[in-house]
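Participant: One structure coming up, written as structure tokens, with questions to follow.
The values are calculated or read from the model by the stated rules, or taken from the named source; none is laboratory data. Note that the structure is predicted; figures quoted are calculated from it, not measured. Quick reminder, even Gly has a Cβ in these numbers, built from the backbone with ideal geometry, and neighbours come from all protein chains shown.
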Amino acid sequence: MSLNKAILMGRLTREPELKTTASGVSVCSFTLAVARGYARDGVRETDFIDCVAWRSTAEFISRYFVKGQMMALVGSIQTRKWEDKDGNKRVSVEVVAEEASFCGERKEGGQARPEARPVAVDGPEAGGTEIPGDGNGFSDDDLPF
């Protein structure tokens, strides 16, 4: 038996980017800034963790989360091997979000992002690993607004 579970809480460093694969599957990429604690000199250290979400979880995140907002997520760590445009072999480490939750203060208005719309995926993401299952465990009744 193996265990691969990541639980993070941090702030979005940029707007979540929603794309759609050639087969019509939604995928959202974003980065969380996660505080590590205080170093010996009293300065708080931060890790910037790349994350990806698929299907309805991707759509949920892209619609209701914005840059700077606090997010809690549960997922798993995945490595992905790919080749860049110059033919160099690369490895990416990212957290695949299975669940995303609001935390911190509620934003005024509580409106969905109007500019969030899917775009076609072109590149290594199109052939990436897809997470089995279609639901993210959320319904409109679960939203805090």
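Participant: Could you check, for segment 112-123, whether at least one of its residues is of a type in the set (Asp, Glu) and modelled with pLDDT of 95 or more?
Facilitator: No.
Participant: May I ask you to list the residues in segment 37-51 that are part of a strand (DSSP E or B) and either acidic (Asp, Glu) or within 16 Å of Thr13 (Cα to Cα) (or both)?
Facilitator: Correct list: Glu45, Thr46, Asp47, Phe48, Ile49, Asp50, Cys51.
Participant: So, one more: Condition first: within 18 Å of Glu99 (Cα to Cα) and in contact with an Asp or Glu (Cβ under 7 Å, 6 or more places away or on another chain). Now tell me which residues in segment 31-56 satisfy that.
Facilitator: Thr31, Val34, Asp50, Cys51, Val52, Trp54, Arg55, Ser56
Participant: Taking the conditions exactly as written (assigned to a strand (DSSP E or B), over 18 Å from Ala33 (Cβ atoms), charged (D, E, K, R) and touching a Ser or Thr at 6+ places or on another chain (Cβ under 6 Å)), does Arg90 satisfy them or not?
Facilitator: So Arg90 does not fit the description; no.
Participant: May I ask you to list pairs of residues, at least six apart or on different chains, whose Cβ atoms are under 9 Å apart, with the first in segment 38-55 being on the phi < 0 side of the Ramachandran plot and the second being surrounded by fewer than 10 Cβ atoms within 10 Å (Cβ to Cβ) and at pLDDT below 95?
Facilitator: Listed pairs, sorted by first residue: Tyr38/Arg44; Arg44/Arg36; Arg44/Gly37; Glu45/Arg36; Glu45/Gly37; Glu45/Ala39; Thr46/Arg36; Asp47/Arg36.
Participant: Scan segment 1-41 for residues that are surrounded by 11 or more Cβ atoms within 10 Å (Cβ to Cβ) and either basic (Lys, Arg) or farther than 23 Å from Tyr64 by Cβ (or both) and report the count.
Facilitator: Looking only at that region, the number is 3.
Results for (1) over 17 Å from Ser29 (Cβ atoms); (2) in contact with a His (Cβ under 9 Å, 6 or more places away or on another chain); (3) charged (D, E, K, R); (4) surrounded by 10 or more Cβ atoms within 10 Å (Cβ to Cβ), shown as yes or no for each residue.
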{"residue": "Met71", "(1), (2), (3), (4)": "no, no, no, yes"}
{"residue": "Ser76", "(1), (2), (3), (4)": "no, no, no, yes"}
{"residue": "Trp82", "(1), (2), (3), (4)": "no, no, no, yes"}
{"residue": "Asp86", "(1), (2), (3), (4)": "yes, no, yes, no"}
{"residue": "Lys89", "(1), (2), (3), (4)": "yes, no, yes, no"}
{"residue": "Ser92", "(1), (2), (3), (4)": "no, no, no, yes"}
{"residue": "Val96", "(1), (2), (3), (4)": "no, no, no, yes"}
{"residue": "Ser101", "(1), (2), (3), (4)": "yes, no, no, yes"}
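Participant: Name the one entry in Ser76, Ser139 that is of a type in the set (S, T, N, Q) and modelled with pLDDT of 80 or more.
Facilitator: Ser76
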